[in-house]
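What follows is a set of notes on a single structure, which appears directly below.
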Amino acid sequence: MYAKILIADDEADIVSMLGSFLESKGYGVLRAGSGTETLRQVEYNPDIILLDINMPDLNGLEICKRIRNHISCPILFLTARMEDADKVRGFAAGGDDYIVKPFSLTELEARVKAHLRREMRHSFESQVKFSGNLTIDYAQRCLFFADKRLGLAKKEFDIVELLSQNPGQVFDKERIYERLWGYDSEGDSTVVTEHIRRIRTKIATCTDQVYIATVWGCGYKWVK
């Protein structure tokens, strides 16, 4: 399974060791020794990123926040320690997993393979059809009604993605806000209500069928 892996760490020996190991396993490797270089290497669209949290110019959390709006590949944090608060900040920044130094190369390879397999499954399931001629293309991040393409803003699609992949499950607006905007974002959950209003308005131009239902006093759900 060929995949491009970006290794971003300010310790050159770690980058060299991981790079040589992963190349021996058949992966393509991109290397970065600083936050600035990491941002440049991201332009080559890696399939997965191994990102050190503690780099001198830009730390891994800041890098993750900057690139997450433009790249959807898995991001695994490399860190010397990981307290619960660090985990919360890491996941809120857009990280998918973490691995604590020192780690075995076998464990690292297993984590990488697991995330790449998950991404491959998602790519096969990128288009899902719903009732009322609605198809959601999760890869293109848009909706189709018959042959009509309906584009959504990033956060609008994020909400549709979250709800549609959990049909029937009720999410209150605070939970949606924390999942999609992050625990430490400035603002409040009332923005979720406005985004859902916009989504419904756009869908209403194509159909009168209701996909996002309000569960009064509880939140919102995707109608099965």
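Please specify each residue of segment 165-224 satisfying the condition of being basic (Lys, Arg) and within 22 Å of Ala146 (Cα to Cα).
Passing the criteria: Arg198, Arg200, Lys202, Lys224.
Among the residues of segment 161-179, are any open to solvent by 80 Å² or more (accessible area, probe 1.4 Å) and under 17 Å from Asp137 (Cβ atoms)?
Scanning segment 161-179 turns up at least one residue that is open to solvent by 80 Å² or more (accessible area, probe 1.4 Å) and under 17 Å from Asp137 (Cβ atoms).
Considering only segment 70-81, I want to know if a residue exists there that is more than 29 Å from Ser20 (Cβ to Cβ), at pLDDT 85 or above and touching a helix residue (DSSP H, G or I) at 6+ places or on another chain (Cβ under 9 Å).
Scanning segment 70-81, I find no residue that is more than 29 Å from Ser20 (Cβ to Cβ), at pLDDT 85 or above and touching a helix residue (DSSP H, G or I) at 6+ places or on another chain (Cβ under 9 Å), so the answer is no.
Quickly run through segment 115-137 and pick out the residues that are open to solvent by less than 30 Å² (accessible area, probe 1.4 Å) and at pLDDT 85 or above.
Once the filter is applied, which keeps residues that are open to solvent by less than 30 Å² (accessible area, probe 1.4 Å) and at pLDDT 85 or above, segment 115-137 yields His115, Leu116, Leu134, Thr135, Ile136, Asp137.
I'm trying to understand the selection: among the residues of segment 155-182, which are farther than 13 Å from Tyr211 by Cβ and of a type in the set (Ser, Thr, Tyr)?
Tyr177
Quick one: which helices (runs of 4 or more DSSP H) lie wholly within segment 1-117 and hold at least 2 residues that are farther than 26 Å from Tyr177 by Cα, of a type in the set (Ser, Thr, Tyr) and touching a residue at least 60 places away in the same chain (Cβ under 8 Å)?
Correct list: empty, since no element meets the threshold.
Yes or no, residue by residue, for (1) in contact with an Asp or Glu (Cβ under 6 Å, 6 or more places away or on another chain); (2) open to solvent by 40 Å² or more (accessible area, probe 1.4 Å); (3) under 20 Å from Arg81 (Cβ atoms); (4) among the β-branched types (Val, Ile, Thr):
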position	(1), (2), (3), (4)
Asp13	no, yes, yes, no
Ser16	no, yes, no, no
Val29	yes, no, no, yes
Ser34	yes, no, no, no
Gly60	yes, no, yes, no
Ile63	no, no, yes, yes
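As an exercise: evaluate Arg141 against (1) of a type in the set (Lys, Arg); (2) modelled with pLDDT of 85 or more; (3) surrounded by 12 or more Cβ atoms within 10 Å (Cβ to Cβ) and give the number of the one condition it does not meet.
(2)
The values are calculated or read from the model by the stated rules, or taken from the named source; none is laboratory data. Not measured: the values here are computed from a predicted model. We place every Cβ from the backbone using ideal geometry, glycine too, and count neighbours over all the protein chains shown. For accessibility, only protein heavy atoms count, side chains too; no ligands or nucleic acids. Shrake-Rupley method; radii C 1.70, N 1.55, O 1.52, S 1.80 Å.
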